[in-house]
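Student: Next up is a structure, given as structure tokens.
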Amino acid sequence: MKVRDRYAPSPTGLQHIGGIRTALFNYLFARSQNGKFVLRLEDTDRTRSEDCYVQNLYDTFEWLGVKWDEGPDNGGAFGPYVQSERSALYQKYARELLENGHAYYCFCSAERIEKVRQEREAAHSSETGYDRVCRNIDPKEAAKRADSGEACTVRLKIPLGETTHFHDHLLGGIEWKNDDVNPDPVLLKTDGFPTYHLANVVDDHLMEISHVLRAQEWLSSTPLHVIMYRCFGWTPPEYCHLPMVMGQDGKKLSKRHGATSIDEFRKQGYLPDALLNYIALLGASYEEGKEIYTLDELAQRFSLEKLNKAPAVFDYKKLEWYNGQYIRMKSGEELSALCLPYAVGAGLFGEKGKEPSPQQRAVFTAALPLVKERLVFLGEVPEKIAYLFSEPELPPADEFIPKKSDLASTIELLRHGLEIIKPLAQVPNDEDAENFIKAEAEKRGVKLGDLMMPLRVAITGSRVSPPLFGSLRILGAELSLARVQRALEKITFRL
Ligand code: GLU
């Protein structure tokens, strides 16, 4: 079978983890089967669809590096791929259902439908949805009223008393009594626009979609869709409703749990490869013990059999771990290019938005290896290395004092530091620097750790910092000396 699948988002919000997971699984499935992956914009909800969300979709996927084979931007043989440009088609197919008796005109006003709802609620009725009154209007009479311009919708005439069956790749055989399906849902609205159900079914059929991989929240719409395929005389696609994505508390992943829009992750400094790698594991297992996968490796391994039935739990910590791993895989040059926008944006080189001078750029490139090993987000870089670009604010004197020491001894330690800082900054590598300072500590009868602590605070402004020797090399002998002098003055006079 020729595999064709699709991502069919409604542009009514920012792209988020759940949507990307759906898109990614469709992409991987299509690639694993030598099939085609289609993007279709389901913008039938005219009040909620916005251009900015379409733009966000394009930007997000470009950033992620996931490409569709056919879509609104790159075209294809089944276009247009935007539902608002396909209205005439949906009207034609609604008419077909009216003609073969599978749909009918409904003249009920929104007010009447609301009144029925309220009455049922007041009577604690178990019945919900439309009460099907217009189903009994003689079709000829109804057609006349519709032709004369009376406001109407078109509803599906669900065949009652029957059961609908379909197979889901993950969930197995599913049966649904037609009487329990949403009663005669609207297919075409008063303004002639289709509802999601009509447009979705017509398009999946016309676009020859072979597999529908979508979030489990759509499962309850599927019996209705299968009924519609039967009414049209079409074969439904194969279905696979993907496991839900939950937060750690077992509730559906939402903003309450943390960032969910891809934009937020991007701004924080996540790498696209790390996000994709992690998202690809939400509800699927590939190879025992292997955690890092490229997109190609995922495509080679993906199959519907590897999906898990159980809901996936989104673990922010695990995603951070992935990001760290991917950061460490970057070359110095790549990392520098990736981090530079964050540094410029944070004002590391002067005011916010200022590009680095050649000398600042050199410092920036030299500084990245100092932080690379422990970096979790690209966005952390400016703050971590700011002390290499401007004098750090020095903390109160107590912060300089090593454990079990006191202020007077710390002043002594810094005096030693003053004497050794210049030659130390000139030692070309960490190993020799360590040997040098060890020897100095021994000679001066102080503990190595005690000698290092006030020096570290003097140079970086903090007890916890990137490696000291590398920092000294970047700052150079003179600047390093000046910082130790400044710190010594500060703690001596408790400035
Ligand atoms: N437009 C629907 C959405 O926003 C598509 C659901 C489906 O894949 O059928 O998710």
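The values are calculated or read from the model by the stated rules, or taken from the named source; none is laboratory data. This is a predicted model, so every value here is computed, not measured. Because the Cβ atoms are built from the backbone with ideal geometry, glycine has one as well, and the counts that use them run over all protein chains shown.
Student: Mind listing just one residue for me: the one in the stretch 222-242 that is β-branched (Val, Ile, Thr) and away from the ligand (no atom under 12 Å from the Cβ) and, of those, nearest to Asn308 (Cα to Cα)?
Tutor: The residue in question is Val226.
Student: From (1) in a helix (DSSP H, G or I); (2) farther than 23 Å from Ala274 by Cα; (3) within 13 Å of the ligand (Cβ to nearest atom), pick out the condition that doesn't hold for Phe25.
Tutor: (2)
Student: Now, a different point. Applying the selection to the stretch 338-378, what residues are under 16 Å from Gln268 (Cα atoms), aliphatic (A, V, I, L, M) and in a helix (DSSP H, G or I)?
Tutor: Leu338, Leu340, Ala343, Val344, Ala346, Leu378
Student: Condition test on Glu96, is it closer than 29 Å to Pro185 by Cβ, out of contact with any Asp or Glu (no Cβ under 6 Å at 6 or more places or on another chain) and surrounded by fewer than 16 Cβ atoms within 10 Å (Cβ to Cβ)?
Tutor: Criteria met by Glu96.
Student: I'd like the full set of residues that are under 17 Å from Pro237 (Cβ atoms) and in contact (Cβ under 8 Å) with a residue 12 or more places away in the chain, limited to the stretch 166-175.
Tutor: Phe166, His167, Asp168, His169, Leu170, Leu171, Ile174
Student: Now a separate question. Determine the pairs where a residue that is at negative phi, located within the stretch 457-469, has a partner that is aromatic (Phe, Trp, Tyr) with Cβ atoms under 9 Å apart, the partner being 6 or more residues away or on another chain.
Tutor: The qualifying pairs are Val457/Phe400; Ala458/Phe400; Ile459/Tyr387; Thr460/Tyr387; Ser462/Tyr387; Arg463/Phe400; Ser465/Tyr387; Pro466/Tyr387.
Student: Take the residues in the stretch 161-197 that are of a type in the set (D, E, K, R) and under 30 Å from Glu85 (Cβ atoms), then tell me which one is nearest to the chain's Cα centre (by Cα).
Tutor: Ranking the qualifying residues of the stretch 161-197, first place goes to Lys189.
Student: Please specify each residue of the stretch 203-243 satisfying the condition of being of a type in the set (Asp, Glu), modelled with pLDDT of 95 or more and over 21 Å from Val82 (Cβ atoms).
Tutor: Glu238
Student: If a residue has to be under 13 Å from Arg444 (Cα atoms), more than 50 Å from the chain's Cα centre (by Cα) and either surrounded by 15 or more Cβ atoms within 10 Å (Cβ to Cβ) or among the hydrophobic types (A, V, I, L, M, F, W, C) (or both) to count, how many in the stretch 410-422 make the cut?
Tutor: Residues that pass the stated criteria total 2.
Student: From Ala397, Ala439, Ala408, which residue is closer than 30 Å to Pro382 by Cβ and not charged (D, E, K, R)?
Tutor: None of the other options fit; the residue is Ala397.
Student: When both residues are 6+ apart or on different chains and their Cβ atoms are under 7 Å apart, which pairs have a first residue that lies in the stretch 210-227 and is under 19 Å from Arg21 (Cβ atoms), and a second that is part of a helix (DSSP H, G or I) and within 11 Å of the ligand (Cβ to nearest atom)?
Tutor: Val212/Asp204; Leu213/Thr22; Leu213/Asn26; Arg214/Thr22; Ala215/Gly18; Ala215/Thr22; Ser221/His197
Student: Look through Ala30, Ala8 and report the one residue that is within 12 Å of the ligand (Cβ to nearest atom), modelled with pLDDT of 95 or more and crowded, with 24+ Cβ neighbours inside 10 Å.
Tutor: Ala8
Student: Please go through the stretch 418-456 and pick out each residue that is in contact (Cβ under 8 Å) with a residue 40 or more places away in the chain, over 24 Å from Ser405 (Cα atoms) and charged (D, E, K, R).
Tutor: Lys422, Asp430
Student: For the stretch 228-249, what are the residues that are within 30 Å of Glu320 (Cα to Cα) and without any contact (Cβ under 8 Å) to a residue 40 or more places away in the chain?
Tutor: Asp249
Student: Turning to a different aspect of this structure: Can you find, within the stretch 205-221, the residue that is farthest from the ligand (Cβ to nearest atom) among those that are in a helix (DSSP H, G or I) and either under 26 Å from the mean Cα position of the chain (by Cα) or among the hydrophobic types (A, V, I, L, M, F, W, C) (or both)?
Tutor: Step by step, filter the stretch 205-221, then rank; the result is Leu206.
Student: Give Lys267, Lys309 a once-over and let me know the one that is touching a residue at least 24 places away in the same chain (Cβ under 8 Å), part of a helix (DSSP H, G or I), over 16 Å from Ile20 (Cα atoms) and among the charged types (D, E, K, R).
Tutor: Checking each option against the conditions leaves just Lys267.
Student: Any chance you could count how many residues in the stretch 41-69 are outside any helix (DSSP H, G or I), within 19 Å of the chain's Cα centre (by Cα) and crowded, with 22+ Cβ neighbours inside 10 Å?
Tutor: Within the stretch 41-69, residues that are outside any helix (DSSP H, G or I), within 19 Å of the chain's Cα centre (by Cα) and crowded, with 22+ Cβ neighbours inside 10 Å number 2.
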